[in-house]
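A.B. asks: Here it is, the structure, as structure tokens.
Values quoted throughout were computed directly from the atomic coordinates according to the rules given, and no laboratory measurement underlies them. Just so it is clear, the model here is predicted, and its values are computed rather than measured. Positions of Cβ are backbone-derived with ideal geometry, glycine not excepted, and every protein chain shown enters the neighbour counts.
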Amino acid sequence: MKNHNYEKYGFDWRGINKDTGTMYDLKGFDKNGIHKKTKHKYDLDGYNRDGFDISGFDREGFDLVGFDKEGYNREGFNRKGFNRSGIHKDTNNRYNSEGYDCFGYNQDGFDKKGLHKETNAKFDPEGYNKEGYDSRGFNRNGIHQITWDVFDLLGMDKDGNKIAPPIEDLSKIVGAKPPKKKQTKLITLKPKKTKKTPIRKRGQEVIEKFI
């Protein structure tokens, strides 16, 4: 009785291929994946029975997950979703949905870590960070990030000129929440208890005189 159970590559328990009726399949590989002419796992063109070369690319130049040697799939996009021109497939412009280009920088030149592509530091060539503030906390319009005014906590403006008194009470800053006042509990004094004089019974005064 013949056993017609075939494994993944079409070979039965004897090593006979169902398509060719021989020990080799249509591509010339046997049950163990050895090619009949080269005597190893790759054929004369350098591909194994799954169709991939020693580097993991098929005859069209794509790997097992569908990317070529340059990292682009059959649609022309890389793993980050950018094509060779740097256009993202979802936004159809140079920046992805998070606002970063194919090199990982936003429109201001900062990456996700806050480092600038030209200075490789947290400040760009003009001295501003990813949020748009300089080392003293002023933006390009001269507004401070804490006070939301043209002066900082010391009363200095963007150029270092003193234009206001130092801010000691942070609750006076625009947008700041004033400190919560401690609520003092009102203590109510209880009236002192006075001793009650006992009510005398009838005739008790007369009795007390004779005692």
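A.B. asks: Tell me, Kirkwood radius of the stretch 51-128 from alpha-carbon pair distances, in Å?
C.D. replies: On the way: mean 1/r = 0.0705 Å⁻¹.
About 14.2 Å, per the Kirkwood formula over Cα pairs.
A.B. asks: Under the Kirkwood approximation applied to all pairs of distinct alpha-carbon atoms, what is the hydrodynamic radius of the stretch 3-152 in Å? Don't skip to the end; give the middle numbers.
C.D. replies: Working: mean 1/r = 0.0490 Å⁻¹.
Taking every pair of different Cα atoms in the stretch 3-152, averaging 1/r and inverting gives 20.4 Å.
A.B. asks: Once both labels are modelled 7 Å past Cα along the beta-carbon direction, what's the D53-Q145 spacing in nm?
C.D. replies: 5.1 nm
A.B. asks: At a 10 angstrom cut-off on C-beta neighbours, averaged per residue, how do the peptides 152-161, 85-94 rank from highest to lowest? List each step's numbers first, then the result.
C.D. replies: Details: 152-161: 14.1, 85-94: 12.4.
Per-residue Cβ counts within 10 Å, averaged per peptide and sorted highest first, yield 152-161, 85-94.
A.B. asks: Please report, to two decimal places, log10 I(q)/I(0) for the stretch 18-92 at q = 0.13, 0.25, 0.26 Å⁻¹ as given by the Debye formula with identical point scatterers on the Cα atoms and no solvent.
C.D. replies: Here log10 of I(q) over I(0) equals -0.52, -1.03, -1.07.
A.B. asks: Another question, if that's okay. Give me the dipole magnitude in Debye, nearest 20, for the stretch 1-105 about the Cα centre, with unit charges on the beta carbon: positive for Lys and Arg, negative for Asp and Glu.
C.D. replies: Values: 19 positive and 18 negative charges, 85 e Å.
Dipole magnitude for the stretch 1-105 comes out near 400 debye.
A.B. asks: Now, a different point. Once the dipole of the stretch 102-149 is set up with Lys and Arg at +1 and Asp and Glu at -1 on Cβ about the Cα centre, which of P125, Y105, T147 lies farthest towards its positive end?
C.D. replies: Most positive-ward Cα: Y105.
A.B. asks: Along the charge dipole of the stretch 35-74, pointing to its positive end and built from +1/-1 on Cβ of Lys, Arg, Asp and Glu, which listed residue (G66, T38, F52) has its Cα farthest out?
C.D. replies: Looking along the dipole axis, the top candidate is T38.
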